[in-house]
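Here's the structure we're looking at; comments come further down.
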Amino acid sequence: MSAGVNTGPRRIGVVGAGLVGLAVARRLAQTTGAEVTVFEKENEIAKHQSGHNSGVVHSGIYYKPGSLKATLCRRGVELIREFCAEHGLEYREIGKVIVARDEVEVTRLRDLQERAAGNGVPGVRRLGPEELRELEPHVRGRAALHSPTTAIVDYKAIARALVSDLTACGGRLLLDAPVTGIERGGERVAVTSRDVRHKFDRLVLCAGLQSDDVARLAGDDPGPAIVPFRGEYYRLVPERAHLVNGLVYPVPDPAYPFLGVHLTPRVDGSVDVGPNAVLALAREGYRRRDVHPGELLRTLTWPGTARLFRQHWRMGVHEYRGSLSKRAFTADARAYVPELVPADLTPAPAGVRAQAVDRDGSLVDDFRISTLGPVTAVRNAPSPAATSSLAIAEHVVDRLNLPRTSTRNSR
Ligand SMILES: Cc1cc2nc3c(=O)[nH]c(=O)nc-3n(C[C@H](O)[C@H](O)[C@H](O)COP(=O)(O)OP(=O)(O)OC[C@H]3O[C@@H](n4cnc5c(N)ncnc54)[C@H](O)[C@@H]3O)c2cc1C
């Protein structure tokens with residue numbers, strides 16, 4: 001590329017090789033003609049949220065119409081389906097039921113159906129108990145919503161394919177490359193990693209569980225802060241995997257950002273039960289015993305944390321019971337599949353969610369992205385950000401307002 005032909009930024013950096021960072025980097029490399037470099041602190045891609053999630057392509061039922069989550073989830077479904085088809089990756093539309101157990105939940109189901117319609121989610125319909133039983137013979141409930149297009153994928157495989165596309169366009173992925181310094185100087189920005197300074201015209205931060213810390217390096221506000229919530233899973237023993245055909249979810253509590261323990265078939269044929277949501281004592285604390293005193297102190301001294309706990313302590317106690325007792329965890333799942341007994345569940349790897357919390361204790365519900373001169377920071381990208389990753393990439397790259405040099409493979 002010659003500077004005379006393309007007057008836009010020539011060098012762009014991306015921090016984080018999760019699905020969001022990789023999707024952004026790939027789109028930049030494919031559509032702007034810039035030299036793109038991704039920094040990842042780990043020695044592999046998708047090591048955190050992008051490689052430790054439920055593997056679901058959400059259809060867009062839950063999100064407030066008009067929100068970024070609603071818009072980018074719907075667009076993300078379209079893009080990820082095409083991406084999987086183009087790259088020969090699994091994309092299985094196994095469908096999902098959201099099951100109501102009592103009158104309160106039946107009312108919430110109505111609200112969800114309206115949201116689904118507002119968001120243009122195709123094929124969503126209400127089921128009575130008998131229709132639910134036809135679809136899922138082992139599941140019980142008063143009523144349900146069926147979303148036939150909800151799908152499952154292998155997000156790690158998707159991340160690998162994103163890297164192939166990126167490198168095919170000349171992009172670079174640097175592993176074992178933690179970003180420890182960011183200096184903004186007018187139109188340009190310098191990134192320090194392993195004592196080397198790299199200069200860029202633009203920088204995009206997609207640091208997941210560290211998104212607040214990395215944004216602060218660039219001079220962004222301390223808030224919202226990331227409060228890490230571990231999501232623990234069990235797996236059904238193989239001989240009980242037949243108990244569900246598709247995804248089985250509870251009706252979420254609208255005051256709460258997590259979806260509740262669900263049954264999730266995986267593309268490898270296993271069925272996961274979970275995740276719950278308990279405060280993680282380290283941002284990458286996948287086990288109960290993982291504690292990072294400095295991170296924990298920062299979580300506890302963030303003004304929003306105490307307010308959050310005051311608002312949600314009842315739910316917190318419930319989730320801790322499920323974390324400490326397999327029987328209590330099984331009871332949550334038995335509310336939907338009464339045949340389940342604790343012996344049907346074996347422990348499976350946990351994930352940690354990066355939940356952004358504002359200073360006043362409110363959970364940041366929507367995706368949040370901020371801009372500081374040449375730096376764009378993805379500050380909140382919780383679920384459904386895996387589903388939405390390719391659409392978030394479109395949105396972020398549009399915000400950068402760069403001249404496009406190519407539409408080749410631009411999806
Ligand atoms: C338990 C669980 C279940 C979920 N289920 C679903 C689901 O079914 N469907 C769905 O759509 N979404 C789901 N999500 C949400 C989804 O996984 C995340 O929203 C998405 O993966 C976020 O991607 P990301 O790239 O922003 O973050 P991450 O995948 O966490 O990537 C951030 C990367 O930045 C790197 N990094 C951080 N700091 C630095 C630094 N200083 N220098 C260099 N690199 C750095 C990290 O090492 C990491 O690799 C789930 C999440 C969890 C935890």
Along its principal axes, what span do the Cα atoms of region 198-316 show, with the longest given first and each in whole Å? 52, 40, 30
Roughly speaking, what is the centre-to-centre gap between region 59-87 and region 337-411 when only Cα atoms are used, to the nearest Å? 12 Å
Please work out, to two decimal places, the log10 of the ratio I(q)/I(0) at q = 0.13, 0.26 Å⁻¹ from a Debye calculation in which every Cα of region 80-172 carries one identical scatterer. -0.59, -1.22
Given the -39500 (n - 2.57) contribution per DSSP H run of 4+ residues, what per-residue ellipticity at 222 nm results for the chain, rounded to the nearest 500 deg cm²/dmol? -10500 deg cm²/dmol
Hull shadow area, averaged, region 284-411 [alpha-carbon convex hull, nm²]: 12.1 nm²
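Structure shown: which of Lys96/Lys156; Lys47/Lys326; Lys156/Lys326; Lys41/Lys64; Lys69/Lys156 lie over 24 Å apart, alpha-carbon to alpha-carbon?
Numbers: Lys96/Lys156 22 Å; Lys47/Lys326 27 Å; Lys156/Lys326 28 Å; Lys41/Lys64 34 Å; Lys69/Lys156 22 Å.
Beyond 24 Å: Lys47/Lys326; Lys156/Lys326; Lys41/Lys64.
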Enumerate the calculated ³J(HN,Hα) couplings along region 29-42 in order (Karplus 6.51 cos²θ - 1.76 cosθ + 1.60, θ = phi - 60°), each rounded to whole Hz, writing x wherever the residue is Gly or Pro. 5, 7, 10, 10, x, 7, 7, 10, 10, 9, 9, 10, 6, 8
As a test, work out the antiparallel percent of DSSP beta bridges whose residues both lie in the chain, rounded to the nearest 5. 70 percent
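For region 180-223, what does the accessible surface come to per residue with a 1.4 Å probe? Please give it in Å².
On the way: 2040 Å² over 44 residues.
Heavy-atom accessible area per residue stands at 46 Å².
So if I average 1/r over every pair of distinct C-alpha atoms in the chain and take the inverse, what Kirkwood radius in Å does that give?
On the way: mean 1/r = 0.0456 Å⁻¹.
Mean inverse Cα-Cα distance, inverted, gives 21.9 Å.
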Roll a 1.4 angstrom probe over the protein heavy atoms and tell me the percent of accessible area of region 282-346 that is carbon or sulfur. 60 percent
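Would you mind putting 100-106, 9-15, 151-157 in packing order, based on average other-beta-carbon counts within 10 Å, highest first?
Working: 100-106: 15.3, 9-15: 24.6, 151-157: 21.3.
Per-residue mean Cβ counts within 10 Å order the peptides as 9-15, 151-157, 100-106.
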Given the C-alpha centroids of region 10-29 and region 277-326, what is the distance between them in whole angstrom? 31 Å
On the protein heavy atoms, probe 1.4 angstrom, tell me the percent of accessible surface of region 202-256 carried by carbon and sulfur. 52 percent
In Å², and per residue, what accessible area does region 1-153 have when probed at 1.4 Å with the other protein chains present? 39 Å²
Run the numbers on region 271-384 and let me know its relative contact order in percent, using alpha-carbon pairs under 8 Å that are six or more apart. 24 percent
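The values are calculated or read from the model by the stated rules, or taken from the named source; none is laboratory data. Because the structure is a prediction, the values reported are computed rather than measured. When we count neighbours, we look across all protein chains shown, and the Cβ atoms used for this are built from the backbone with ideal geometry, even at glycine. Just the protein is used for accessible areas: all its heavy atoms, side chains included, with ligands, DNA and RNA removed. Shrake-Rupley method; radii C 1.70, N 1.55, O 1.52, S 1.80 Å.
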